[in-house]
1. Would you check which residues across segment 45-65 are surrounded by 13 or more Cβ atoms within 10 Å (Cβ to Cβ) and touching a residue at least 24 places away in the same chain (Cβ under 8 Å) and list them?
2. Confirm whether Arg162 is free of Cβ contacts under 8 Å to residues at least 40 places away in the same chain and of a type outside the set (A, V, I, L, M, F, W, C).
Amino acid sequence: MSRPLDEASLVARAKRGDAAAYEELVRMHQAIAFRVAFVAAGDRGDAEEAVQDGFVKAYRALGRFREREPFRPWLLRIVANEARNRRRSAGRRVGLALRAAGAAASGDAAPSPEAAALTHERRDELLDALGALDERDREVLVHRFLLELGEEETAAALGVRRGTVKSRTSRALDRLRAVLGEDDS
């Protein structure tokens with residue numbers, strides 16, 4: 001019985017040309033990479049292509065990866081950049097992606113029809129408000145709250161400092177509250 005390798009070991013093996021190690025890294029990060037790409041690209045097909053291209057680009061760039069850095073944020077930045085480039089070239093909007101990313105999983109007990117309608121309506125309001133924000137505000141909130149990345153991972157994925165993530169998150173939440181017509185008192 002073999003013990004699962006940690007990410008750092010897999011990266012080191014992949015850098016030495018071990019394709020199976022890189023395949024394991026792909027498996028480990030495929031789901032979150034797709035979510036990042038979907039939010040950035042706004043289209044399922046573009047997101048799938050961005051993830052594939054992002055993984056290929058990351059593999060080719062493994063030699064430049066700093067081994068003491070976390071792999072996931074580095075990879076997610078490559079995928080997000082690829083997806084954003086696709087969106088920009090296609091001129092697509094991100095609204096649909098936000099709706100899809102915000103779809104909440106239902107719990108074990110089915111909510112009442114009234115509660116479900118209110119929850120759905122509130123989610124739609126929130127996603128519309130997110131869509132009304134500028135790209136930098138939307139991006140930091142999506143990474144922090146929809147993708148549930150920590151401050152460090154968000155900073156690495158967006159290519160900014162942790163303090164920048166904190167300040168952008170705070171300002172973006174204020175702007176989101178303003179769009180929603182909520183005051184923070």
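Just so it is clear, none of the values below were taken in a lab; they were calculated from the coordinates. Keep in mind that this is a model prediction, so the values were computed, not measured. Don't worry about glycine lacking a Cβ; one is built from the backbone with ideal geometry, like all the others, and counts go over all protein chains shown.
1. Answer for segment 45-65, where residues must be surrounded by 13 or more Cβ atoms within 10 Å (Cβ to Cβ) and touching a residue at least 24 places away in the same chain (Cβ under 8 Å): Asp46, Ala47, Glu49, Ala50, Val51, Asp53, Gly54, Phe55, Lys57, Tyr59, Leu62, Phe65.
2. Answer is yes for this residue.
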